[in-house]
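Student: Can you read through this structure? Questions will come right after.
Values quoted throughout were computed directly from the atomic coordinates according to the rules given, and no laboratory measurement underlies them. Keep in mind that this is a model prediction, so the values were computed, not measured. With ideal geometry, Cβ positions are generated from the backbone for all residues, glycine too; neighbour counts draw on all protein chains shown.
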Amino acid sequence: MVMSNGSEPPDRPTTRVIALLNQKGGVGKTTSTVNLGAALAEMGLQVCVVDMDPQGHLSLHLGVDGETVGETVYELLLEPEVELDQVLVKVRPNLSCLPSRVDLAAAETELAQDPDRHRRLQNKFADGLRKFDYVLLDCPPSLGVLTLNALSMAQEVYVPMQAHFLAMQGVGKLFETVGLVCQGVNPDLKVSGVILCMHEKLSTHVREVVGELDDFFEEHRGSPLPWADARVLRPAIRKNIKLAEAPSFGQTIFDYAPWCPGAIDYRKLAERIVSGHLEQPVPASTDGRATSPGPGPGKVMVEIDLDTPDEADASADDEPAAASPDPDPVVAGSLSVEPRSTPEDLDGRPDH
Ligand SMILES: Nc1ncnc2c1ncn2[C@@H]1O[C@H](COP(=O)(O)OP(=O)(O)OP(=O)(O)O)[C@@H](O)[C@H]1O
Ligand SMILES: [Mg+2]
């Protein structure tokens with residue numbers, strides 16, 4: 001990347017390389033990569049988003065047609081003479097993209113015999129990394145060579161997921177994979193947290209699952225595991241139809257509907273990721289519980305929600321799920337989900 005005055009860009013003190021990973025499909029990996037990337041770029045940071053998925057959805061979301069763009073991640077990984085700058089596409093101010101198309105799927109088999117196959121991406125970034133403050137890697141919904149390339153290069157993993165019982169089934173397996181990668185190719189890799197996507201805040205079940213995730217991470221705090229510092233990131237990204245519409249226009253949420261709930265959530269999450277304050281502060285209260293400004297009549301559920309009260313009404317264009325009766329205890333992968341006795345129990349949690 002050459003600056004507008006033709007000079008080389010300054011070295012970044014540190015580049016954060018983040019993989020958005022979940023082997024489950026359709027959980028919000030691409031939506032989060034695009035919109036977090038765009039939010040970081042909007043803050044003036046230099047950002048590169050990498051489409052590691054042969055589906056090419058990240059590229060399309062940013063208005064880049066992988067079929068016609070020229071060199072893509074496939075050539076970057078497979079062809080020794082292709083360099084990073086040949087593949088980078090400047091898609092917005094401060095935001096560059098490494099696009100992909102369907103032929104990337106062949107890389108899985110074409111690289112199979114190369115003992116150093118998992119370091120291909122990292123090697124191509126070697127000198128280019130310093131151009132960026134953030135590199136966000138959109139992983140495919142599988143745990144093959146492409147994902148391994150992302151995990152070998154990343155410092156952090158964020159796990160987009162829905163707070164549903166079935167969605168949690170694979171999370172234990174996912175953490176196992178990260179653990180194996182740490183033992184093998186990238187000992188410094190850490191899970192920074194879970195991004196709750198398509199969040200439906202009024203569902204009791206959703207609250208229970210979030211509570212269980214919070215507890216799971218608290219239990220491992222201080223351990224030598226790669227997820228010892230992980231947390232459920234706040235705010236949750238509310239279910240918002242605008243986030244689903246934006247890709248069909250090749251637009252980020254900030255192009256398409258910059259003040260819709262989805263844009264507000266991603267902007268706020270990006271600010272927290274940059275500041276390192278991944279949880280909202282817990283306001284002091286006399287009974288030791290988290291509190292929030294008075295919700296007003298009929299808004300008790302909003303008060304104990306993951307979102308700040310001022311955001312709670314902004315999701316009016318989405319249908320909130322109705323509060324459901326407590327289900328039986330269930331077990332999801334290595335994470336068990338116990339029903340909580342009353343909504344008040346949840347009120348004891350931080351005001352997320
Ligand atoms: N907060 C949200 N509200 C509404 N729709 C959403 C939200 N987040 C994502 N979506 C939609 O859900 C679908 C799946 O999202 P996305 O493509 O980001 O998931 P993914 O994990 O990248 O999927 P895949 O595993 O196939 O790559 C898309 O149609 C997307 O537009
Ligand atoms: Mg995707």
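Student: Where the centroid of each part is defined by its Cα atoms, how far is segment 19-74 from segment 158-228 in Å?
Tutor: 22
Student: I've got another one for you. Show the residues, 5+ positions off or on another chain, whose built amide H is closer than 5 Å to the amide H of Val17.
Tutor: Placed amide hydrogens put Val135, Gln155, Glu156 under 5 Å from Val17.
Student: Residue farthest toward the positive end of the dipole of segment 56-124, with Cβ of Lys/Arg at +1 and Asp/Glu at -1: which of Thr109, Pro99, Gly70?
Tutor: Checked the options; the winner is Pro99.
Student: With a 10 Å Cβ neighbour count serving as the proxy for reagent exposure, in which order, fewest first, do Cys139, Cys197 appear?
Tutor: Ascending Cβ contact count within 10 Å gives the list Cys197, Cys139.
Student: Kindly put Thr147, Thr31, Thr204, Thr109 in sequence by how many other C-beta atoms sit within 10 Å of each C-beta, fewest to most.
Tutor: Thr109, Thr204, Thr147, Thr31
Student: So if R0 is 35 Å, what FRET efficiency would Ala112 and Ser248 give, r being the distance between their Cβ atoms, rounded to the nearest 0.05?
Tutor: Efficiency at R0 = 35 Å is approximately 0.50.
Student: Now for a different question. Along the Cα-to-Cβ line of Leu78, 7 Å from the Cα, sits a label point; which residues in segment 86-102 have backbone N less than 19 Å from it?
Tutor: 86-88, 98-102
Student: Set the bar at 21 Å for Cα to Cα. Now go through Lys24/Lys131; Lys173/Lys268; Lys29/Lys173; Lys24/Lys239; Lys29/Lys190 and name every pair that lies beyond it.
Tutor: From the list (Lys24/Lys131; Lys173/Lys268; Lys29/Lys173; Lys24/Lys239; Lys29/Lys190), the Cα-Cα distance tops 21 Å for Lys24/Lys131; Lys173/Lys268.
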